[in-house]
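Notes follow the structure.
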Amino acid sequence: MERDEIIRIFAENLRAERARKKFSQEFLAEKADITPEYLARIEHEKYSPSLVVIVRLAIALGVTIDKLIPLDV
């Protein structure tokens, strides 16, 4: 799986999960201890988040990491 595809799928999964929870970007960013601007850049595939940020986002959303990361190998 290519880097760009991983980033795209992560962003799609993150947006979908945030929408399911009906969280605004601002609310999720606050819960994950990141800025709303950083979250927006992640969701728009501009930034690739660190493992720490991925874990914070998963915890804030109340999901396991595999809900966000494409693990189809």
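Just so it is clear, none of the values below were taken in a lab; they were calculated from the coordinates. These numbers were taken from a predicted model, which means no experiment stands behind them. For neighbour counting, all protein chains shown are included, and Cβ atoms are generated from backbone atoms with ideal geometry for every residue, glycine included.
Only one of the numbered conditions (1) on the phi < 0 side of the Ramachandran plot; (2) exposed (fewer than 12 other Cβ atoms within 10 Å of the Cβ) is violated by Tyr47, and that is (2). For the stretch 5-38, the candidate set comprises residues that are among the charged types (D, E, K, R) and without any contact (Cβ under 8 Å) to a residue 24 or more places away in the chain; within that set, the residue that is nearest to Ile69 (Cα to Cα) is Glu12. Among the residues of the stretch 44-55, those identified as closer than 15 Å to Ala11 by Cα and not aromatic (Phe, Trp, Tyr) are His44, Glu45, Lys46, Ser48, Pro49, Ser50, Leu51, Val53, Ile54, Val55.
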